[in-house]
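K.L.:
So that we are looking at the same thing, I have put the structure below in C-alpha cells.
The values are calculated or read from the model by the stated rules, or taken from the named source; none is laboratory data. No experiment lies behind these values; they were computed from the predicted model shown. In this analysis, Cβ positions are derived from the backbone assuming ideal geometry, glycine residues included, and neighbour counts consider all displayed protein chains. Only protein heavy atoms, including side chains, enter the accessible area calculation; ligands, DNA and RNA are left aside. Shrake-Rupley method; radii C 1.70, N 1.55, O 1.52, S 1.80 Å.
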Amino acid sequence: VVNDGRNELLLAAHDGRPAYDVIASQPSHPWRVGAASLFTEEYFTLARERLSAGGRFALWVSGFRLDAESFVAIIASFERIFPGALFFDGSHGRASTADRAPVTACGTSRATGISTSTPASGSLTTPE
C-alpha cells in the first residue's frame, strides 16, 4: 500500500479491511510539514489497533536535524503504545520494531522501558 500512513489506517478501520500482519512506517523527517502526525501516540495507537495478532509495526526515524530531546519524545511515545519495543541505532537513522506484546529476542523478553533522560552525549540509555 502506498498512501499517507495515517490516512490509510483510518480508511482501513472505517471500511472494515482485515488487520495487517506488518506495518512499516518510514515517514519523512518529523519537522517537515505533514509528517509530524506520523510520530504521535495517536498514530501509534491507530497502527497498533490495525495489527493482526502477532503482527509487527516497524518505524524508522531519521537522525537528520533531529535533536536528542525530540528523538527521546518520539521513542517515549512509541514505547507508551508498544511497551517492550526494540530499538536500533544506525548511522543514518533509528529503527524500532514492536508487537502487540513485548518483543522477545533470543528467548528474552524486553520488559523494561527506555530512560526519558538524555545524557550529555545525546545517546539513549535503558534502565538497569
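K.L.:
Amide H to amide H, which residues 5 or more places from residue 55 or on other chains are under 5 Å from it, using H placed in the peptide plane?
P.N.:
Hits under the 5 Å cutoff: 100.
K.L.:
Sorting 50, 80 by accessible area (1.4 Å probe), largest first, what list results?
P.N.:
80, 50
K.L.:
Grab the Cα-Cα distance for residue 45 and residue 68, subtract it from 0.36 nm times how many residues apart they are, and report the gain in nm with one decimal.
P.N.:
Taking residue 45 through residue 68 to full extension adds about 6.0 nm, to one decimal.
K.L.:
On to the next question. In whole angstrom, and with the biggest value first, how far do the Cα coordinates of the range 50-89 range along each principal axis?
P.N.:
Principal axes ranked by extent give 35, 17, 17 Å for the Cα atoms.
K.L.:
Here's a follow-up. Distance in nm between label sites at residue 89 and residue 37, each 7 Å beyond Cα in the beta-carbon direction?
P.N.:
3.2 nm
K.L.:
If you rank 41, 8 by how much accessible surface each has, with a 1.4 Å probe, what is the order from largest down?
P.N.:
Correct descending sequence by accessible area is 41, 8.
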